[in-house]
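**Student:** Once you've had a glance at the structure underneath, I'll fire off some questions.
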Amino acid sequence: MRFIQHKQEAYWFYRVVSLVYDRWVNPLFWTPAMRDRAVELARLEGAKDVVDVGAGTGFTTEAIVARVEPTAVTMLDQSPHQLAQARRKPQLAAVAKELGDAENLPFATDRFDRYVSAGSIEYWPDPQRGIAEAYRVLAPEGRAVIIGPVQPANAIARRIADAWMLFPSEAEYREWMERAGFADVEVVEVAPDWYTRRDVPFAVAIAGRKPVAGDSPAPLAPVVEPPRAAPTPVRLARFAAGSLAGLAFVPLGIAMSLRARARRGTA
Ligand SMILES: C[S@@+](CC[C@H](N)C(=O)[O-])C[C@H]1O[C@@H](n2cnc3c(N)ncnc32)[C@H](O)[C@@H]1O
């Protein structure tokens, strides 16, 4: 179903979620420890031109500018509401902020030496196209790191997740990176501290190196969805159902995190 894995629906979703994103979403599902572990994979030392795609309110960009000059960093997001939150952060004042689509990046081929995208791929209607774009905008020997969720282990959580957006398997992430042309692909699993399953990852950070200049060798279908579409009744229904599914994860995350805290307190 994946009701919010569409550009217009994701746009509406973040129009609302941008108001509470830093306060209620990241502390539960994308913590500073997860972010720092994932960003390490980008090997940012010495980077001269870094793009953060689906940068949102700039939570991951904050970790990038702790390692790279802010003037060497560009944030891109399709949501003006998310970027408006980023504009309020003084540490991101010197970072370039651009509205745009991850599947059709408004940047020259072979431009950046690092590409980072955290928690955005699950909204892209065509993830292979987005990853091919990551490849295209990187310079030869440039490095991409993409972070995204993995299909939940629990059957009920999997149903709800599926009604919300894309939760790929680790194998799918690998396949997309390799088909896009990336070499030396490596994967690191990341999870909040309340997530205790060892058999199924919560999320992955996957990295790869661009070996040769130019476009990705991946065969691509044409862009299927424009960034803006008219609000038809079907789209509005899809948005409402998908948003409810997505928001269901917040109380679940709060409960799991409180349980983990209580366990730590009694240990
Ligand atoms: C979960 S937030 C992640 C924000 C940020 N990267 C972070 O680490 O907190 C996902 C972001 O992806 C953006 N997004 C979704 N689809 C997109 C697309 N096709 N192109 C660009 N940005 C997109 C959303 O607007 C949202 O800001």
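The values are calculated or read from the model by the stated rules, or taken from the named source; none is laboratory data. These numbers come from a predicted model, not from an experiment. In this analysis, Cβ positions are derived from the backbone assuming ideal geometry, glycine residues included, and neighbour counts consider all displayed protein chains.
**Student:** Within the set of pairs 6+ apart or on separate chains, which have a first residue in region 46-58 that is within 19 Å of Pro106 (Cα to Cα), a second that is at pLDDT below 95, and C-beta atoms under 7 Å apart?
**Tutor:** Cβ pairs passing all conditions: Gly56/Tyr21.
**Student:** Could you list all residues from region 98-115 that are within 15 Å of the ligand (Cβ to nearest atom), free of Cβ contacts under 8 Å to residues at least 40 places away in the same chain and in contact with a helix residue (DSSP H, G or I) (Cβ under 9 Å, 6 or more places away or on another chain)?
**Tutor:** Once the filter is applied, which keeps residues that are within 15 Å of the ligand (Cβ to nearest atom), free of Cβ contacts under 8 Å to residues at least 40 places away in the same chain and in contact with a helix residue (DSSP H, G or I) (Cβ under 9 Å, 6 or more places away or on another chain), region 98-115 yields Glu98, Leu99.
**Student:** Given the condition part of a strand (DSSP E or B), more than 9 Å from the ligand (Cβ to nearest atom), in contact with an Asp or Glu (Cβ under 6 Å, 6 or more places away or on another chain) and at pLDDT 95 or above, answer yes or no: does some residue in region 121-138 qualify?
**Tutor:** no
**Student:** Pick out the one residue from Thr61, Thr57 that is of a type outside the set (Phe, Trp, Tyr), buried (at least 19 other Cβ atoms within 10 Å of the Cβ), touching an Asp or Glu at 6+ places or on another chain (Cβ under 6 Å) and part of a helix (DSSP H, G or I).
**Tutor:** Thr61
**Student:** A follow-up question, please. If you go through region 166-176 one residue at a time, do you hit one that is among the basic types (Lys, Arg) and surrounded by fewer than 18 Cβ atoms within 10 Å (Cβ to Cβ)? Don't jump to the end; show me each part of the working.
**Tutor:** Of all residues in region 166-176, those among the basic types (Lys, Arg) come to 174.
Narrowing the set further to residues that are surrounded by fewer than 18 Cβ atoms within 10 Å (Cβ to Cβ) leaves none.
The answer is no, given that none of the residues of region 166-176 is among the basic types (Lys, Arg) and surrounded by fewer than 18 Cβ atoms within 10 Å (Cβ to Cβ).
**Student:** Further question: Out of Val150, Val145, which single residue is within 16 Å of the ligand (Cβ to nearest atom) and either within 18 Å of Ala42 (Cα to Cα) or among the hydroxyl-bearing types (Ser, Thr, Tyr) (or both)?
**Tutor:** The unique qualifying residue is Val145.
**Student:** If you don't mind, there's one more thing I want to ask. If you check every pair at least six apart or on different chains, which have Cβ atoms under 6 Å apart with a residue in region 65-87 that is part of a helix (DSSP H, G or I) and modelled with pLDDT of 95 or more first and a residue that is away from the ligand (no atom under 15 Å from the Cβ) and not hydrophobic (A, V, I, L, M, F, W, C) second?
**Tutor:** Going by the 6 Å Cβ cut-off, the qualifying pairs are Ala72/Lys48; Ala72/Asp49.
**Student:** Can you tell me how many residues within region 188-217 are over 18 Å from Pro152 (Cβ atoms), hydrophobic (A, V, I, L, M, F, W, C) and surrounded by fewer than 18 Cβ atoms within 10 Å (Cβ to Cβ)?
**Tutor:** 3
**Student:** Working carefully through the options Arg228, Arg235, Arg259, find the one that is basic (Lys, Arg), at pLDDT below 90, under 17 Å from Pro192 (Cα atoms) and out of contact with any Asp or Glu (no Cβ under 6 Å at 6 or more places or on another chain).
**Tutor:** Only one candidate qualifies: Arg259.
**Student:** If you don't mind, another one. So, in region 5-18, how many residues would count as being within 11 Å of the ligand (Cβ to nearest atom), among the hydrophobic types (A, V, I, L, M, F, W, C) and over 14 Å from the mean Cα position of the chain (by Cα)?
**Tutor:** Taking region 5-18 first, the residues within 11 Å of the ligand (Cβ to nearest atom) are 5-15, 17-18.
Now narrow it down to the ones that are among the hydrophobic types (A, V, I, L, M, F, W, C): 10, 12-13, 17.
Add one more test, that the residue is over 14 Å from the mean Cα position of the chain (by Cα), and what stays is 12-13, 17.
Summing the residues that are within 11 Å of the ligand (Cβ to nearest atom), among the hydrophobic types (A, V, I, L, M, F, W, C) and over 14 Å from the mean Cα position of the chain (by Cα) in region 5-18 gives 3.
**Student:** Within region 215-224, can one find any residue that is modelled with pLDDT of 95 or more, outside any helix (DSSP H, G or I) and farther than 25 Å from Val39 by Cα?
**Tutor:** Initially, region 215-224 is screened for residues modelled with pLDDT of 95 or more, giving 215-218.
Those left that are additionally outside any helix (DSSP H, G or I): 215-218.
Next, only the ones that are farther than 25 Å from Val39 by Cα stay: 217-218.
Yes.
**Student:** Okay, next question. In region 164-199, how many are over 18 Å from the mean Cα position of the chain (by Cα) and either assigned to a helix (DSSP H, G or I) or among the polar types (S, T, N, Q) (or both)?
**Tutor:** Residues flagged as over 18 Å from the mean Cα position of the chain (by Cα) and either assigned to a helix (DSSP H, G or I) or among the polar types (S, T, N, Q) (or both) within region 164-199 amount to 3.
**Student:** Against the condition in contact with a strand residue (DSSP E or B) (Cβ under 8 Å, 6 or more places away or on another chain) and at pLDDT 95 or above, how does Thr60 come out, does it pass?
**Tutor:** On the way: in contact with a strand residue (DSSP E or B) (Cβ under 8 Å, 6 or more places away or on another chain): yes; at pLDDT 95 or above: yes.
Criteria met by Thr60.
**Student:** Taking region 19-54, which residues are outside any helix (DSSP H, G or I), in contact with a strand residue (DSSP E or B) (Cβ under 8 Å, 6 or more places away or on another chain) and more than 9 Å from the ligand (Cβ to nearest atom)?
**Tutor:** Leu41, Ala42, Arg43, Leu44, Ala47, Lys48, Asp49, Val50, Val51
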